[in-house]
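Student: So that we are looking at the same thing, I have put the structure below in structure tokens.
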Amino acid sequence: MAIKYTTKVIEHFKNPHNIGIIENADACATEGSPACGDEITVYLKINKETDRIEDVKFQSYGCASNIATGSIITDLAKGKTVDEAEAITWKQAAEELGGLPPVKMHCSVLAVDGLRSAIRKYKRDVKGIDYDSSLDVKTITEELRHVLYPPVGADIITLKMVKYIGIDDGAVRVEVSISSDDKFLDPTIDEIVEHVGRMSGVKSVHVENV
């Protein structure tokens, strides 16, 4: 069955805003999704006195939803302070586009992750602000809220698919409950490994379907 997109998604896909590269950007970051091969790079030009985003651009490799969410997220971020832009959520991005098909909702997560990674790189490298690097069940749980189950476009924490999170000297174990014949099982596990694996202090990630 063909995927149906809103008029706004199609508009941003055909004529994406803020696409390109910022030479000598104050920060840039690339995020990718192992589940579908999509990738986005976000570039920021920031007024260092006001911390306001003066320009933002993106490059995208992937589907129509990936391009459209990159376009809308950069529209939302431009002119905001880095704190305001960092607070933009994937749900907000999807709503601005009039919604996304559940199987494509992860693209809004990817766009937001790219923007936040660039902002946090700026805060760390330019402003000397570091984030709490504590690794515990709470921080892992929050990170897993960015892993969506494609058929419904909701995160695996809200859907109560995560049954256990354990940490032992940087080795993280996550137990999930998804039908063994579900075609989205392996992509979801890949996303869990990707998201948790990039967290500070994580040495290894093991995901088991129980």
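Student: Could you grab me the full set of residues in region 118-153 that are under 30 Å from K45 (Cβ atoms), among the aliphatic types (A, V, I, L, M) and free of Cβ contacts under 8 Å to residues at least 40 places away in the same chain?
Tutor: Passing the criteria: only I129.
Student: Which ones in region 173-210 are in a strand (DSSP E or B) and under 17 Å from I140 (Cα atoms)? Outline the logic, then answer.
Tutor: So in region 173-210, the residues in a strand (DSSP E or B) come out as 173-176, 204-209.
Correct list: R173, V174, E175, V176, S204, V205, H206, V207, E208.
Student: When only residues in region 118-153 that are among the basic types (K, R) and part of a helix (DSSP H, G or I) count, which is surrounded by the fewest Cβ atoms within 10 Å (Cβ to Cβ)?
Tutor: Residue satisfying both the conditions and the ranking: K138.
Student: Ok, one more. Among the candidates G37, G20, G79, single out the residue that is at positive phi, assigned by TED's automatic domain parsing to the domain that holds R120, in contact with a strand residue (DSSP E or B) (Cβ under 6 Å, 6 or more places away or on another chain) and surrounded by fewer than 16 Cβ atoms within 10 Å (Cβ to Cβ).
Tutor: Residue meeting the stated conditions: G20.
Student: Which ones in region 58-86 are over 16 Å from the mean Cα position of the chain (by Cα) and not in a helix (DSSP H, G or I)?
Tutor: Correct list: K78, G79, K80, T81.
Student: Could you say which residue among I156, I192, I178 is surrounded by 17 or more Cβ atoms within 10 Å (Cβ to Cβ), within 15 Å of the chain's Cα centre (by Cα) and without any contact (Cβ under 8 Å) to a residue 40 or more places away in the chain?
Tutor: After applying the criteria, what remains is I156.
Student: Any idea how many residues of region 32-57 are part of a loop (DSSP other than H, G, I, E, B) and among the acidic types (D, E)?
Tutor: 3
Student: Name, by its number, the condition in (1) touching a strand residue (DSSP E or B) at 6+ places or on another chain (Cβ under 7 Å); (2) farther than 23 Å from K8 by Cα that does not hold for V56.
Tutor: Exception for V56: condition (2).
The values are calculated or read from the model by the stated rules, or taken from the named source; none is laboratory data. Please read these numbers as outputs of a predicted model, since none were measured by experiment. We place every Cβ from the backbone using ideal geometry, glycine too, and count neighbours over all the protein chains shown.
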